[in-house]
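As structure tokens, the structure follows; a few thoughts come after it.
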Amino acid sequence: MEFEKSFAQSKSPFLSYLISYTKKMKGELKEEPKINYRDAVVSSIGGLIAIIISSAIALALGYPMALAPIGATCVLVFGAHKGPLSQPRHVLGGHLLATVSALIIWSLFHRSLITIAIVLAFVLILMILTKTVHPPAAASAIVAINTQAGWGYLGIIMICACVVVLISTVYNNLFQDRQYPRYWV
């Protein structure tokens, strides 16, 4: 530590910036919260119910590729139901904007590494600007382009996202210490 201080005083501004930049990467120590096993089981059962119903829909309609982003949505909506990225506006808006954007870009430019990268960047900025950030929605966009699923994929993603939100609303509110959603819009 003493070496860093003496070194910091005798270096260039670039070196000073570089040291402060790399110090940010250490992160911070945090106290781990205690695990609430009951809450974990309740979350898992809710996710199980939602993914079974969503799987039945996606598989019956021929879009098994929708299960990866919808499974990730289940993890957020049931495992982190209080979080902002789990709220209906983020889930539904994120999946809708991301999937529509991906399908439009795919229709215009077809699938390529560049197209996939452009879709991710576009979807990210769009979700930030519309306050609908939902990470699994970005996965929906990538899946749409990578599998060349077509416009029917949009319907399945939206049906399954609605199913997850609906099940979460009904299921989570059965428990005294759980509330979903915290807000709709």
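Per-structure values
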| read-out | value |
| --- | --- |
| Every residue from the range 30-44 that is closer than 14 Å to Leu76 by Cα and among the β-branched types (Val, Ile, Thr) | Val42 |
| Verdict on Tyr183 being aromatic (Phe, Trp, Tyr) and part of a helix (DSSP H, G or I) | no |
| Residue that is modelled with pLDDT under 95, more than 13 Å from the chain's Cα centre (by Cα) and not charged (D, E, K, R), where the choices are Phe122, Phe109 | Phe109 |
| Residue within the range 85-108 that is open to solvent by 40 Å² or more (accessible area, probe 1.4 Å), farther than 22 Å from Trp151 by Cα and out of contact with any Phe, Trp or Tyr (no Cβ under 9 Å at 6 or more places or on another chain) present | yes |
| Residue, surrounded by the fewest Cβ atoms within 10 Å (Cβ to Cβ), within the range 129-151, restricted to residues that are hydroxyl-bearing (Ser, Thr, Tyr) and farther than 12 Å from Met65 by Cα | Thr130 |
| Single match in Ala117, Ala80, Ala58, Ala40 (criterion: in contact (Cβ under 8 Å) with a residue 40 or more places away in the chain, within 22 Å of the chain's Cα centre (by Cα) and open to solvent by less than 80 Å² (accessible area, probe 1.4 Å)) | Ala58 |
| In the range 16-47, the residues that are under 18 Å from Lys82 (Cα atoms) and basic (Lys, Arg) | Lys34, Arg38 |
| Enumeration of residues in the range 164-183 that are open to solvent by 30 Å² or more (accessible area, probe 1.4 Å) and either within 17 Å of the chain's Cα centre (by Cα) or of a type in the set (D, E, K, R) (or both) | Asp177, Arg182 |
| Verdict on Phe14 being farther than 30 Å from Leu166 by Cβ, at pLDDT 85 or above, open to solvent by 80 Å² or more (accessible area, probe 1.4 Å) and not in a loop (DSSP other than H, G, I, E, B) | yes |
| Near pairs, Cβ below 7 angstrom, 6+ apart or cross-chain, from the range 129-153 (at positive phi) to any residue that is in a helix (DSSP H, G or I) and not acidic (Asp, Glu) | Gln148/Trp106 |
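The values are calculated or read from the model by the stated rules, or taken from the named source; none is laboratory data. Note that this is a predicted model, so its numbers are computed, not measured. Glycine gets a Cβ as well: all are built from the backbone with ideal geometry, and neighbour counts include every protein chain shown. Only protein heavy atoms, including side chains, enter the accessible area calculation; ligands, DNA and RNA are left aside. Shrake-Rupley method; radii C 1.70, N 1.55, O 1.52, S 1.80 Å.
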